[in-house]
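Undergrad: Please find one structure pasted underneath; my questions will follow.
No value in this document is a laboratory result; all are computed from the given coordinates. Bear in mind the structure is a predicted one, so any value in this text is a computation, not a measurement. When we count neighbours, we look across all protein chains shown, and the Cβ atoms used for this are built from the backbone with ideal geometry, even at glycine.
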Amino acid sequence: MRDFGAMRKPATESRLKRAVALMALLLLAGFAVAGPTGLLAWSENASALDARKAEIAKLTEKRDALRNRVKLLDPEAADPDLASELVRDQLGVMREDEVVITLEDK
């Protein structure tokens, strides 16, 4: 008599290997579509990138304005108009020929 169980063992192992390989491929495909860097996250990442670029543009504009103001306040070449404005605003200084009119809120 022949042992048929021994003959079927390689076929069962082959099916098992194919099933494991198929499951691995499906898992990889699932991550490619729904993973953190997959196709579904692509549009979300693109919109986040656009938001960051807009924020960088605003901050760059603000930085340039501050850089210009610092340049105007350089002690060796200060802008007289800006210096006068700052002294008047922060110290409340005025000239002798100026008149201050205060308005009361109702």
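Undergrad: Quick one: if the Förster radius is 25 Å, what FRET efficiency do residue 85 and residue 64 give, using the C-beta to C-beta distance and rounding to 0.05?
TA: The pair residue 85/residue 64 has a calculated efficiency of 0.80.
Undergrad: For a test of understanding, tell me how many lysine pairs in the chain have Cα atoms under 30 Å apart, given they are 8 or more places apart or on different chains.
TA: 5
Undergrad: Farthest toward the dipole's positive end in the chain, which of 40, 99, 20, given Cβ charges of +1 (Lys, Arg) and -1 (Asp, Glu) about the Cα centre?
TA: Result: 20.
Undergrad: Taking the Cα centre of the chain as origin and charging only Cβ (+1 Lys, Arg; -1 Asp, Glu), how large is the dipole, in debye to the nearest 20?
TA: 2060 debye
Undergrad: Further, regarding this structure: Given a 10 angstrom Cα cut-off, can you work out which residue in 15, 67, 95 is the most mobile in a GNM of the chain?
TA: For the chain, modelled as a Gaussian network with Cα springs under 10 Å, the answer is 95.
Undergrad: Let me ask something additional. So, in nm, how far is label residue 71 from label residue 37 when the simple model puts each one 7 Å beyond its Cα toward the Cβ?
TA: Between residue 71 and residue 37, the label points sit 4.1 nm apart.
Undergrad: Kindly provide the pair-distance distribution of the chain built from C-alpha pairs, with 5 Å bins from 0 and whole-percent values in order of increasing distance.
TA: For the chain, the binned pair fractions read 2, 8, 7, 8, 7, 6, 7, 6, 5, 5, 5, 5, 4, 4, 3, 3, 3, 3, 2, 2, 2, 1, 1, 0, 0, 0 percent.
Undergrad: Out of every Cα pair in region 59-100, what percent are spaced more than 16 Å from each other?
TA: Pairs farther apart than 16 Å: 50 percent.
Undergrad: Rounded to the nearest 500 deg cm²/dmol, what is the calculated helix-only ellipticity per residue at 222 nm for the chain, with -39500 (n - 2.57) per DSSP H run of length n ≥ 4?
TA: After summing the helix terms and dividing by the residues of the chain, the value is -26000 deg cm²/dmol.
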